[in-house]
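Colleague: My questions will all concern the structure given below.
The values are calculated or read from the model by the stated rules, or taken from the named source; none is laboratory data. Note that this is a predicted model, so its numbers are computed, not measured. Using ideal geometry, Cβ is built from the backbone for each residue, glycine included, and neighbour counts are taken over all protein chains shown.
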Amino acid sequence: MGSTIALNAGAGTLVWELRDAALPVWRHFGATVSTEGLPELATTRAPASYSLDDDVPLSVAPVSGLGWFGPEVLRLGRNGSALTIAFPGSAVTEAAASITFRSTDPIAGVELEQVFEAVGAAYVCRSSVRNVGTTAFSVDWLASALLPITGLAREVVSWRGRHNAELLECRESMPQQAWVREVRRGISGHGGPGGLLILDEGATFHAGQVRALQLAWTGDNRISVDRDDEGFWTLCAGAVLQPGEVVLQPGESWNAPNAIVAVSHTGRNGAAAAFHDAVRARLRWPGGAMRPRPVHLNSWEACYFDHDEERIVALAEAAASVGVERFILDDGWFRNRDDDTAGLGDWTTDPRKYPKGLKPLADRVNALGMEFGLWVEPEMVNPDSDLYRTHPDWALSVPGQDRPTARNQLVLDLRREDVREYLFGCLDALLTELPITYLKWDHNRDLAPAGGASQVRGVYDLLARVRRSHPRVEVESCAGGGGRNDAGMAEFCHRYWTSDNIDAASRIGIQRGFLSFLPPEVMGSHIAASPAHATGRRHSLAFRAAMAMTGHLGVEMDPRTLTEDERSELADWIAFYKQWRGLLHAGNVWLGDGSDGLRWQAQGRADEMLLFVIRADPPADRRPQPLPLPFCGNTGTWLVSLLRIAGGEGGHAAHSTQLFEAMKSVSQPFPADWLASSGLPLPPDKAETVTIFHLRKRT
């Protein structure tokens, strides 16, 4: 006689049916449901032609070889052959917010443990395999999650990208056979984290059912959606392992990376909110809580490698004068680092540029009222470095083969304890000697040859040791921009560098993709120079600043190159960010599209938020149409203020009306259901404009 168990999180429910002498089977992955009086699965499944006599439905731990023909949760090998696994059942443990399945094959000597835990409005799925036999076996694949997808699903939303063009959204119909997203570059990649959304018919940003998954993993990964000939799909995700990389001796185990899974009945925004909850739960802030996110100035685009103490002090003074709170010295400060051809691996200050070391500079930065941060790239080495000349064997390589460089650098083998020990010693010395509160931790190439999952775990190990030894230091994850923006880094880092492309128009799509997975307080967003270094395009300072407001604000330019009026304007935008950052980083993010090419996002709490209405291209319509805001709900009244219209300078002036002029000084009331259904009236705007509103619900 079967019985069901369920686990609720947010708007979702996972349901399994327990069976005697057999694995539990999946009954539901979707919206919140009750299971009282549910008929057994076997009573709903009539015999089907050309099928096995004994029915094989989708279990919690499907494996191939004995009747299941779909994706497998586990694939093992022994002595060069596939190892057939047969789990006769599963021991189930229920806790307040989790369910654990432990399945054992005593003949093969394999134990599989799967944990499903509710974390906020999301689920965290964990899988591990252990050798409980007497003979070794290899692990070829262990899924972090393998889930059923209803036949009502209609669309896959995913992201792809490259350096300077991260997170390009891709929308595709559900596959008739299989859909696969696989990354094999040694990092999670510029297409964003290993993740996707699956939309039911009619799902939008604000409504409809969405199932979502992202891997908390910084290495090679694979996600697949396979259609079963019964009419449903399976969603399978996990780390890609190198052949022979994981061999378990008796008693040893391998843990797959976590998968974060969400179900939303309020569209894509509900799924993003659940993801943000789960990622925030992984963040480890110095002191135990996030403090207001300080305004950065990063030196890279201000001077690249061409700097010395005098120039950097002048840059720091300019930064402090406009309200910057944290100054980061980027690449070029260490020995022989005049360009990208030399120096990586030798983490001591260049005496030509800083004859007295970095301490006088750091002290000067502190005296100006700013924190001091430093750029490092610990995982890399230049062949032209003392480290490489002493330890060429420390680089990832294949015996007898060439060592391909990228940006003139090789990758250190962090699978090796001696390499990690050396790097920790270098970082520990810097963090002990200098008043550093922030490390910008970079990673500027793909891995070739690959270091596999053990390389990723080595990086995690080094980061964890640095954080334990220097808990007051925050770390930024950077990999040629957005190459490692994933939840796996969230346990060690406090900010992500979204993209090396800071062009404000390019950042519209990049930042929306980022916010689909990760929360705004960890999204690095800087006010860039004009023209933008990555694209050569020119944008007004106001448009650049407004686009940077929605994340963790920084400046990526030399303020001394601005006119006096521009410096005043930059300082004003920095003050604006400081005024509102507590609200911007306090809670949810709502994304949406308006008519005539408008995009919008709101950030804040359920009763107060800032609304950013973004127009990239010139309007095609005579007048802007009202903007429906579904998050406003159907009851009560909202008070709306027009804070700023940023950008759109030059040419003919945009017209205004009495209402919009009044909204600049006095909040105007609107019924909630009017805003949700009919929409907020918008002032005329021009291309490259961000209109910023403040909304507060009347109590």
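Colleague: If a residue must be within 22 Å of residue 494 (Cα to Cα) and either of a type in the set (Asp, Glu) or touching a helix residue (DSSP H, G or I) at 6+ places or on another chain (Cβ under 8 Å) (or both), how many such residues does the range 546-576 contain?
Modeller: Residues flagged as within 22 Å of residue 494 (Cα to Cα) and either of a type in the set (Asp, Glu) or touching a helix residue (DSSP H, G or I) at 6+ places or on another chain (Cβ under 8 Å) (or both) within the range 546-576 amount to 10.
Colleague: Then there's this: Need a quick list: strands (runs of 3 or more DSSP E) entirely within the range 537-632 having at least 2 residues that are surrounded by fewer than 18 Cβ atoms within 10 Å (Cβ to Cβ).
Modeller: Values: elements: 552-556, 588-593, 599-605, 608-615.
It comes to 599-605.
Colleague: Return yes when residue 194 is under 17 Å from the mean Cα position of the chain (by Cα) and closer than 22 Å to residue 126 by Cβ and no when it is not.
Modeller: Criteria met by residue 194.
Colleague: Criterion first (over 27 Å from residue 142 (Cβ atoms) and either surrounded by fewer than 24 Cβ atoms within 10 Å (Cβ to Cβ) or β-branched (Val, Ile, Thr) (or both)) does residue 201 satisfy it?
Modeller: yes
Colleague: Additional query: For residue 161, which of the numbered conditions (1) surrounded by fewer than 18 Cβ atoms within 10 Å (Cβ to Cβ); (2) in contact with a His (Cβ under 7 Å, 6 or more places away or on another chain) fails to hold?
Modeller: Just one mismatch for residue 161, condition (1).
Colleague: Got a sec? Which of 414, 410, 423, 387 is more than 21 Å from residue 460 (Cβ to Cβ), of a type in the set (A, V, I, L, M, F, W, C) and in the same structural domain as residue 298 (by TED's automatic domain parsing)?
Modeller: Working: 414 fails: more than 21 Å from residue 460 (Cβ to Cβ); 410 fails: more than 21 Å from residue 460 (Cβ to Cβ); 423 fails: more than 21 Å from residue 460 (Cβ to Cβ).
So the residue among 414, 410, 423, 387 that is more than 21 Å from residue 460 (Cβ to Cβ), of a type in the set (A, V, I, L, M, F, W, C) and in the same structural domain as residue 298 (by TED's automatic domain parsing) is 387.
Colleague: OK, next. Would you point out the residue of the range 1-17, among those that are of a type in the set (A, V, I, L, M) and in a loop (DSSP other than H, G, I, E, B), that is modelled with the lowest pLDDT? Steps first, answer last, please.
Modeller: Taking the range 1-17 and keeping what is of a type in the set (A, V, I, L, M), we get 1, 5-7, 9, 11, 14-15.
Going one step further and asking which of them are in a loop (DSSP other than H, G, I, E, B), we end up with 1, 11.
Working: 1: 48, 11: 97.
Filtering first and then ranking leaves 1.
Colleague: Assess whether residue 76 counts as being in the same structural domain as residue 246 (by TED's automatic domain parsing), of a type outside the set (D, E, K, R) and crowded, with 20+ Cβ neighbours inside 10 Å. Even if it seems obvious, please write down each step before you answer.
Modeller: Details: in the same structural domain as residue 246 (by TED's automatic domain parsing): yes; of a type outside the set (D, E, K, R): yes; crowded, with 20+ Cβ neighbours inside 10 Å: yes.
Here the answer is yes, as residue 76 does meet what is asked.
Colleague: Of the conditions (1) part of a loop (DSSP other than H, G, I, E, B); (2) touching a strand residue (DSSP E or B) at 6+ places or on another chain (Cβ under 8 Å), residue 652 clears all except one; give me its number.
Modeller: (2)
Colleague: Inspect the range 428-449 for any residue being touching a residue at least 40 places away in the same chain (Cβ under 8 Å), at positive phi, in a loop (DSSP other than H, G, I, E, B) and in contact with an Asp or Glu (Cβ under 7 Å, 6 or more places away or on another chain) and give the result as yes or no.
Modeller: For the range 428-449, residues touching a residue at least 40 places away in the same chain (Cβ under 8 Å), at positive phi, in a loop (DSSP other than H, G, I, E, B) and in contact with an Asp or Glu (Cβ under 7 Å, 6 or more places away or on another chain): absent.
Colleague: Follow-up. Which of the numbered conditions does residue 418 fail, given that it passes all the others? Conditions: (1) surrounded by fewer than 17 Cβ atoms within 10 Å (Cβ to Cβ); (2) touching a helix residue (DSSP H, G or I) at 6+ places or on another chain (Cβ under 6 Å); (3) farther than 27 Å from residue 552 by Cβ.
Modeller: Looking at each condition in turn, residue 418 falls short on (2).
Colleague: What are the pairs with Cβ atoms under 6 angstrom where one residue, in the range 404-415, is surrounded by 22 or more Cβ atoms within 10 Å (Cβ to Cβ) and the other, located anywhere, is assigned to a strand (DSSP E or B) and at pLDDT below 95? Sequence gap at least six, or different chains.
Modeller: From the range 404-415, no pairs qualify.
Colleague: Right, something else. Answer yes or no: is there a residue in the range 164-173 that is acidic (Asp, Glu), surrounded by fewer than 20 Cβ atoms within 10 Å (Cβ to Cβ) and touching a helix residue (DSSP H, G or I) at 6+ places or on another chain (Cβ under 9 Å).
Modeller: Yes, that holds for at least one residue.
Colleague: Which of the residues belonging to the range 99-112 are within 33 Å of the chain's Cα centre (by Cα), crowded, with 20+ Cβ neighbours inside 10 Å and over 30 Å from residue 587 (Cα atoms)? Can you show your working first?
Modeller: Filtering the range 99-112 for residues within 33 Å of the chain's Cα centre (by Cα) gives 99-103, 111-112.
Those still in the list that are crowded, with 20+ Cβ neighbours inside 10 Å too: 99, 101, 103, 112.
101, 103, 112 - these are the residues of the range 99-112 that are within 33 Å of the chain's Cα centre (by Cα), crowded, with 20+ Cβ neighbours inside 10 Å and over 30 Å from residue 587 (Cα atoms).
Colleague: Find all pairs meeting these conditions: Cβ atoms under 8 angstrom apart; at least six residues apart or on different chains; first residue within the range 277-301 and not assigned by TED's automatic domain parsing to the domain that holds residue 324 and hydrophobic (A, V, I, L, M, F, W, C); second residue in a helix (DSSP H, G or I) and loosely packed, with under 14 Cβ neighbours inside 10 Å.
Modeller: Partner pairs satisfying both residue conditions: none exist.
Colleague: With the range 76-191 as the region, which strands (runs of 3 or more DSSP E) entirely inside it contain at least 1 residues that are within 23 Å of residue 56 (Cβ to Cβ) and charged (D, E, K, R)? Working first, answer last.
Modeller: Details: elements: 91-94, 98-105, 110-119, 122-131, 137-142, 145-149, 153-162, 165-173, 178-183.
In the range 76-191, 98-105, 110-119, 137-142 are the strands (runs of 3 or more DSSP E) which contain 1 or more residues that are within 23 Å of residue 56 (Cβ to Cβ) and charged (D, E, K, R).
Residue by residue, here is whether (1) in the same structural domain as residue 206 (by TED's automatic domain parsing); (2) under 22 Å from residue 614 (Cβ atoms); (3) assigned to a strand (DSSP E or B) holds:
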residue	(1), (2), (3)
662	no, no, no
669	no, no, yes
673	no, no, no
684	no, yes, no
687	no, yes, no
690	no, yes, yes
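Colleague: Could you check the range 362-409 and list, in sequence order, the residues that are of a type in the set (Val, Ile, Thr) and closer than 19 Å to residue 443 by Cβ?
Modeller: Of the range 362-409, the ones of a type in the set (Val, Ile, Thr) are 365, 376, 381, 390, 398, 405.
Those that are of a type in the set (Val, Ile, Thr) and closer than 19 Å to residue 443 by Cβ: 376, 381, 405.
Colleague: Scan the helices (runs of 4 or more DSSP H) fully inside the range 274-392 and keep the ones with 1 or more residues being farther than 21 Å from residue 555 by Cβ. Give the steps one after another, and end with the answer.
Modeller: Values: elements: 300-303, 309-321, 359-367, 386-390.
Answer list for the range 274-392: 359-367, 386-390.
Colleague: Name the pairs: first residue in the range 148-164 and touching a residue at least 60 places away in the same chain (Cβ under 8 Å) and more than 15 Å from residue 175 (Cβ to Cβ), second residue of a type in the set (Lys, Arg) and surrounded by fewer than 21 Cβ atoms within 10 Å (Cβ to Cβ), Cβ to Cβ under 7 Å, at least 6 apart or on different chains?
Modeller: From residues that are touching a residue at least 60 places away in the same chain (Cβ under 8 Å) and more than 15 Å from residue 175 (Cβ to Cβ), there are no pairs.
Colleague: Here is a check on your reading of the model: is residue 120 at positive phi, under 35 Å from the mean Cα position of the chain (by Cα) and crowded, with 16+ Cβ neighbours inside 10 Å?
Modeller: yes
Colleague: Any chance the range 85-97 includes a residue that's touching a residue at least 24 places away in the same chain (Cβ under 8 Å), in the same structural domain as residue 266 (by TED's automatic domain parsing), closer than 21 Å to residue 239 by Cα and not aliphatic (A, V, I, L, M)?
Modeller: no
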